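The values are calculated or read from the model by the stated rules, or taken from the named source; none is laboratory data. In this text, all values refer to a predicted model and were calculated from it rather than measured experimentally. In this analysis, Cβ positions are derived from the backbone assuming ideal geometry, glycine residues included, and neighbour counts consider all displayed protein chains.
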Amino acid sequence: MKVESKELPVEIMELQMGPSHPATHGTIKFNLKLEGEKVLDCDVEVGYLHRGFDKSCEQVTWTQVIPYTDRLNYASPLINNVGYALAVEKLIGVETPPRCQFIRVIASELSRIYDHLTCCGMSASELGAITVGFYMIEAREMIARIVEALTGARLTVTYARIGGVKHDLTPDFAEQIARTFKTIRKLLNDCDHLLSRNRIFIDRMSNVGVISQETALSYSLTGPILRATGVNYDVRKAFPYLVYDQLDFEVPLGSKGDNYDRFVCRIQEIEQSMRIVEQALEKLPVGPVWIDDPRFVLPEKEKVYNSIEGLMHHFKIIMEGIHVPPGETYFAVEGGNGELGFYIVSDGGGKPYRIRVRPPCFIAMGAFHEMIKGYMVADIVPTFGMVNMIGGECDR
């Protein structure tokens, strides 16, 4: 007896994933359309943190904006500080002393290491490789201690200043770096042994979340996500700032544009950042760490406490704010997740007339549906982890 086969009816299921899902940390929600466990479409809602970064900055003085920048990508606050300070200095038309520029590079690269360790450690942990997560958190803690010794804070550091940095490096900074980097390299080597031949990790990451060069460029993606497709774009190389053009480092690239390439690019960038810090410390010149211009730099405490001129100078800068010449500018730096840019407008007053930040996380989430379409529900977690979404940057 011949039995005729009939195709089973296909039912499209709509499912909301997040924001209470443990892997969608923050306010992210994925509105999924599924065929079984296959993702047909994904509408991403980044949600609201109700912080209003751009408008909050327009209510305070130029210097008081710096603590707000800490809270953009809070995994790499030093890069945010430096990027904003460079944008304001570009509008003013000043250049900081060489020692300050080297210190800013060192601080930025330490922040990049911290950012990548957080991203890769948590992503590995979400796939079950919790030992790798512990190793990378251990390495991250060592960086946090160096940052704390340098700035006085672990997370919201507020270290950069318009015209310089808050203070010079600590006396034993180079020794701390040497000890820490030796341990971090050992920990990363252990992580490599745990993951590079791990069948589960490779299968969960390889050929998943693939995005082409053309699609990545059409969405204006930058950072490790773009470089994982093979596009060699790094702001530090394309538009050198500070002293990056005096340092020797490579830009790690992928080829397939999948989650595994993104993971490897970030891990390799950690090594490159350590190389940059080591070179910067070797070449670190002596000299001041801020510009010699009383219009933009606070007087020393001794002058404030012991002279009426110093007190008046301090009072005017604090209460009125520095006066940035009228105009507008855009300045970009290489953040942990890509091009971090600040567009600022000044009307000549003590407060910014307009500030707009280009957050790489926010732009990457706009392309997330392209990365996950056609894959399984379980693939959302590693793909989202490799985007490294930071809520503070996504908040509009």
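Out of the stretch 1-18, which residues are modelled with pLDDT of 90 or more and in a loop (DSSP other than H, G, I, E, B)? Full working, then the answer.
Going residue by residue through the stretch 1-18, those that are modelled with pLDDT of 90 or more are 12-17.
Result: I12, single match.
Check whether at least one residue in the stretch 215-235 is closer than 25 Å to F134 by Cβ and of a type in the set (A, V, I, L, M, F, W, C), and report yes or no. Steps first, answer last, please.
As a first pass, look at the stretch 215-235 and keep what is closer than 25 Å to F134 by Cβ: 224.
Pick out the ones that are also of a type in the set (A, V, I, L, M, F, W, C) and you get none.
Taking every residue of the stretch 215-235 in turn, none turns out to be closer than 25 Å to F134 by Cβ and of a type in the set (A, V, I, L, M, F, W, C).
Limited to the stretch 330-351, what total is found for residues that are within 30 Å of R266 (Cβ to Cβ) and surrounded by fewer than 18 Cβ atoms within 10 Å (Cβ to Cβ)? Let's see the steps before the verdict.
Of the stretch 330-351, the ones within 30 Å of R266 (Cβ to Cβ) are 330-344.
When the remaining residues are screened for being surrounded by fewer than 18 Cβ atoms within 10 Å (Cβ to Cβ), the result is 330, 343.
Adding up the residues that qualify gives 2.
Looking at F249, F263, which is the one that is in contact (Cβ under 8 Å) with a residue 12 or more places away in the chain, surrounded by fewer than 20 Cβ atoms within 10 Å (Cβ to Cβ) and under 20 Å from the mean Cα position of the chain (by Cα)? Break it down into steps so the answer makes sense when it comes.
Values: F263 fails: surrounded by fewer than 20 Cβ atoms within 10 Å (Cβ to Cβ).
Being in contact (Cβ under 8 Å) with a residue 12 or more places away in the chain, surrounded by fewer than 20 Cβ atoms within 10 Å (Cβ to Cβ) and under 20 Å from the mean Cα position of the chain (by Cα) holds for just one of F249, F263, which is F249.
Which one of these is at negative phi, over 18 Å from the mean Cα position of the chain (by Cα) and either among the hydroxyl-bearing types (S, T, Y) or crowded, with 20+ Cβ neighbours inside 10 Å (or both): S255, S273? Before the answer, list the steps.
Values: S273 fails: over 18 Å from the mean Cα position of the chain (by Cα).
The conditions single out S255.
Filter the stretch 51-72 down to the residues that are crowded, with 20+ Cβ neighbours inside 10 Å and in contact with a strand residue (DSSP E or B) (Cβ under 6 Å, 6 or more places away or on another chain) and list them by number.
C57
Quick one: which of V210, V251, V277 is farther than 18 Å from E339 by Cα, at pLDDT 95 or above and part of a loop (DSSP other than H, G, I, E, B)? I'd like the intermediate steps shown before the answer.
Values: V251 fails: farther than 18 Å from E339 by Cα; V277 fails: part of a loop (DSSP other than H, G, I, E, B).
Of the residues listed, the single one that is farther than 18 Å from E339 by Cα, at pLDDT 95 or above and part of a loop (DSSP other than H, G, I, E, B) is V210.
Of the residues that make up the stretch 301-317, is at least one in contact with a Phe, Trp or Tyr (Cβ under 7 Å, 6 or more places away or on another chain) and either among the hydroxyl-bearing types (S, T, Y) or over 30 Å from F181 (Cα atoms) (or both)?
Let us first name the residues in the stretch 301-317 that are in contact with a Phe, Trp or Tyr (Cβ under 7 Å, 6 or more places away or on another chain), namely none.
No, every residue in the stretch 301-317 fails to be in contact with a Phe, Trp or Tyr (Cβ under 7 Å, 6 or more places away or on another chain) and either among the hydroxyl-bearing types (S, T, Y) or over 30 Å from F181 (Cα atoms) (or both).
In the list E109, E89, E138, which residue meets the criterion of being at pLDDT 95 or above, of a type outside the set (K, R) and either touching an Asp or Glu at 6+ places or on another chain (Cβ under 9 Å) or outside any helix (DSSP H, G or I) (or both)? Step through it out loud before you land on a result.
Working: E109 fails: either touching an Asp or Glu at 6+ places or on another chain (Cβ under 9 Å) or outside any helix (DSSP H, G or I) (or both); E138 fails: either touching an Asp or Glu at 6+ places or on another chain (Cβ under 9 Å) or outside any helix (DSSP H, G or I) (or both).
Exactly one of E109, E89, E138 is at pLDDT 95 or above, of a type outside the set (K, R) and either touching an Asp or Glu at 6+ places or on another chain (Cβ under 9 Å) or outside any helix (DSSP H, G or I) (or both), namely E89.
Anything in the stretch 224-248 that is over 18 Å from L110 (Cβ atoms) and assigned to a loop (DSSP other than H, G, I, E, B)? List them, or say none.
Answer for the stretch 224-248, where residues must be over 18 Å from L110 (Cβ atoms) and assigned to a loop (DSSP other than H, G, I, E, B): A228, T229, G230, V231, N232, Y233, F239, P240, D248.
Can you tell which of M312, M319, M376 is surrounded by fewer than 23 Cβ atoms within 10 Å (Cβ to Cβ), modelled with pLDDT of 95 or more, more than 26 Å from I79 (Cβ to Cβ) and over 20 Å from the mean Cα position of the chain (by Cα)?
Working: M312 fails: modelled with pLDDT of 95 or more; M319 fails: modelled with pLDDT of 95 or more.
None of the others qualify; the one that does is M376.
I need the full set of residues from the stretch 73-86 which are in a loop (DSSP other than H, G, I, E, B) and in contact with a strand residue (DSSP E or B) (Cβ under 7 Å, 6 or more places away or on another chain), in order please.
Taking the stretch 73-86 and keeping what is in a loop (DSSP other than H, G, I, E, B), we get 73-76.
Within the stretch 73-86, N73, S76 qualify.
From the list T180, T229, which residue is under 24 Å from V277 (Cα atoms), of a type outside the set (D, E, K, R) and surrounded by 19 or more Cβ atoms within 10 Å (Cβ to Cβ)? Break it down into steps so the answer makes sense when it comes.
Details: T229 fails: under 24 Å from V277 (Cα atoms).
Going through T180, T229 in turn, the sole match is T180.
Just name the residue that is nearest to T156 (Cα to Cα) out of those in the stretch 123-139 that are of a type outside the set (D, E) and surrounded by fewer than 19 Cβ atoms within 10 Å (Cβ to Cβ). Give the derivation first.
Quick first cut of the stretch 123-139, residues of a type outside the set (D, E) only: 123-125, 127-137, 139.
From the residues that got through so far, the ones that are surrounded by fewer than 19 Cβ atoms within 10 Å (Cβ to Cβ) too are 125, 128, 130-131, 134, 137.
Working: S125: 25, G128: 30, I130: 27, T131: 28, F134: 23, I137: 18 Å.
Looking at the filtered set, the residue picked out is I137.
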